[in-house]
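Asker: Following this message is one structure expressed as C-alpha cells.
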Amino acid sequence: MPEKTLLSTDDVRDRFSKAMSAMYQAEVPQYGTLLELVERVNQETLTQQPELHRRLEALSELARISVERHGAIRVGTADELFMLRRLFAVMGMYPVGYYDLSEAGVPVHSTAFRPIKDDALSKNPFRIFTSLLRLELIENEALRQRAETILAARDIFTPKVRKLIERHESQRGLSSEETDQFVKEALETFRWHQEATVDLDTYHALYNEHRLIADVVCFRGPHINHLTPRTLDIDEVQRRMPGVGMNPKAVIEGPPRRECPILLRQTSFNALEESIRFAGNAQSTHTARFGEIEQRGMALTPKGRALYDQLLNEGRKQATGLDNDGHQTVMNKVFAAFPDSDEAMRREGLAYFHYHLTEIGQTAKGSADKEMEDLIAQELVEAQPITYEDFLPVSAAGIFQSNLGGKKNEAYAGSANRVAFEDSLGVRITDELSLYAERENASKAKVLASLQG
C-alpha cells in the first residue's frame, strides 16, 4: 500500500481560515460588506503610498494582506482550553503571549494561538485570540456553581474532530481528505447557535453579573464572535463604515495614527442584536458577534513597550469621554514623545527590525568585521521593521466592553494567574517578545555570514 501523503500544518490552517471566513460571512452578512470596504481602502492606500507598497513587498507581506485574519473565542473550562490547544496544533498554531483582561474589569485571561515561524506566517498568519472564563472571580457562590454545572454538561467538540486530532498526533499529520473532514468538523465548535442551553432567568442572572459570562456559559459552544481583516488605513475605514450601514465603536483602540505605525490599532462595528430561543420556549435577544478591523505596525522592544504603556495610560486619562476625533487628537499630542521614524526607533532600541543585504551588499565580501551601523551607512545592509503579530490587553478589553455593554467590574482587577492558565493549557506559553528578538538576531547573523569571504 502506498504511503499516505500528509499535508503541512500550514496547508491545514489555510483551508480552515478560508472555511471559517466563508462560514462567518454566511452567518453575519455585514462581515462580507466589511471585507469589501477594507479591500477597497487597502487598494487605494497602496496606490497613494508607493513607499508603503515597496516596504510591504520587500518584507514579503504584500500577498498576505488579503488573507490576514484573526478571530476570537471564549471558552468556559480548563478542559475546553486544553482540547482547543490540541485542535489548533493540527493547524500549526501555538499559544503565544499571556493577557490578563481582569486588569480592565473583564473576567477572563487569554492567549493567542498563532503560527510562530517566519515561513508559516508568510503562508497564512491566521490567529485566534482565545479567552478562558475566570469563574473563580464570580463572587456569588450559588451563581458560580450554577455556571460550573452548566459548563460541565456540554461538549463543544464533535466525536469525529476528537478522533482526527488523535490521528494527527499519532501519524504526525493529516491527508488531504482527512484535512477536509477535520475542517468540516472543527467548524462545528465555532458555529453560531440560536438556541441557548439555559432558561431566560438563568441567562439574566449571568448577564447581570457580566454579559461576557452569559455569552460563554449559555450556549452549546464558543461561537466565533468576530473575524478581523487587516487594513492599511483604519481611520479611513472607521470614517466610511456608517456609509455602508455599519455603526462603528466610539473610538479606535491603541496608538494614534503615525508616519511609522506601531503595534496594533483596532476598531469594530457594534455587536448585532440576535434573536435567541431559551429553554422553556422563551424568546429574547443576545448581542455577541461583531466585525472588527485591525491595522498592524511594528513590534516594540521591552523598552518601547514601557514607553508605549506609559503614554497610553496618560492619553486614556486625558481622553476619557471624548469622541473619536477628540480621542485621537489627545493621543497624537501625548504620543509626540514617542519617536516617529524607523531610524530613530531603531537607534534608540524601541522596536525590532529585520536586517537584510541590499543589492550592493549582495555583491560585497569581506565586510563581516564591520559594525552593523557602518554596514547600514554604506548601504550594504537595510533594516526593515518587524510586523507586530500579537495583541494588546487594554485594546482587547476595550473591544470586548464596547460590544458587551461597556460594563466593567473593578473587583476583577489585579487577578493575573499565568500559572493556572498554563496548567489549563497543558503547555507553557511562548513569550512574544522573545520571538521578535530571535528573528532580529537571526537576521543579523545571516547578514554577517553572507558578508564573510
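Asker: Is one or more of the residues making up segment 136-150 among the hydroxyl-bearing types (Ser, Thr, Tyr), within 19 Å of residue 221 (Cα to Cα) and open to solvent by 30 Å² or more (accessible area, probe 1.4 Å)?
Answerer: Looking through segment 136-150, at least one residue is among the hydroxyl-bearing types (Ser, Thr, Tyr), within 19 Å of residue 221 (Cα to Cα) and open to solvent by 30 Å² or more (accessible area, probe 1.4 Å).
Quick grid of which residues meet (1) modelled with pLDDT under 95; (2) small (Gly, Ala, Ser); (3) under 14 Å from residue 212 (Cα atoms); (4) touching a His at 6+ places or on another chain (Cβ under 9 Å):
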residue: 72; (1), (2), (3), (4): yes, yes, yes, yes
residue: 82; (1), (2), (3), (4): no, no, no, no
residue: 93; (1), (2), (3), (4): no, no, no, no
residue: 146; (1), (2), (3), (4): yes, no, no, no
residue: 158; (1), (2), (3), (4): no, no, no, no
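Asker: Would it be correct to say that residue 81 is surrounded by 15 or more Cβ atoms within 10 Å (Cβ to Cβ) and out of contact with any helix residue (DSSP H, G or I) (no Cβ under 8 Å at 6 or more places or on another chain)?
Answerer: So residue 81 does not fit the description; no.
Asker: Let me ask something additional. Could you list, in sequence order, the residues of segment 295-314 that are in contact (Cβ under 8 Å) with a residue 60 or more places away in the chain, more than 19 Å from residue 384 (Cβ to Cβ) and among the aliphatic types (A, V, I, L, M)?
Answerer: 312
Asker: Out of segment 183-205, which residues are part of a helix (DSSP H, G or I) and in contact with a helix residue (DSSP H, G or I) (Cβ under 9 Å, 6 or more places away or on another chain)?
Answerer: 183, 184, 185, 186, 187, 188, 189, 190, 202, 203, 204, 205
Asker: Restricting attention to segment 132-169, and to residues there that are small (Gly, Ala, Ser) and free of Cβ contacts under 8 Å to residues at least 60 places away in the same chain, which single residue is farthest from residue 354 (Cα to Cα)?
Answerer: So, considering only residues that are small (Gly, Ala, Ser) and free of Cβ contacts under 8 Å to residues at least 60 places away in the same chain, the one farthest from residue 354 (Cα to Cα) is 142.
Asker: Does residue 64 satisfy the condition of being closer than 30 Å to residue 312 by Cβ, at pLDDT below 90, basic (Lys, Arg) and open to solvent by less than 30 Å² (accessible area, probe 1.4 Å)?
Answerer: Details: closer than 30 Å to residue 312 by Cβ: yes; at pLDDT below 90: yes; basic (Lys, Arg): yes; open to solvent by less than 30 Å² (accessible area, probe 1.4 Å): yes.
Yes.
Asker: Is there a residue being part of a helix (DSSP H, G or I), aromatic (Phe, Trp, Tyr) and out of contact with any Pro (no Cβ under 6 Å at 6 or more places or on another chain) anywhere in segment 157-170?
Answerer: no
Asker: Then there is this: Which residues, counting only those in segment 266-296, are open to solvent by less than 10 Å² (accessible area, probe 1.4 Å) and farther than 17 Å from residue 215 by Cβ?
Answerer: Of everything in segment 266-296, those that are open to solvent by less than 10 Å² (accessible area, probe 1.4 Å) and farther than 17 Å from residue 215 by Cβ turn out to be 266, 267, 269, 293, 294.
Asker: How about segment 1-18: which of its residues are crowded, with 16+ Cβ neighbours inside 10 Å and not polar (S, T, N, Q)?
Answerer: Once the filter is applied, which keeps residues that are crowded, with 16+ Cβ neighbours inside 10 Å and not polar (S, T, N, Q), segment 1-18 yields 6, 7, 10, 11, 12, 13, 14, 15, 16.
The values are calculated or read from the model by the stated rules, or taken from the named source; none is laboratory data. Here the structure is a predicted model, which is why all the values come from computation and not from measurement. Positions of Cβ are generated from backbone atoms using ideal geometry, with glycine treated the same way; all protein chains shown enter the neighbour counts. The accessibility values were calculated without ligands, DNA or RNA, using every heavy atom of the protein model including side chains. Shrake-Rupley method; radii C 1.70, N 1.55, O 1.52, S 1.80 Å.
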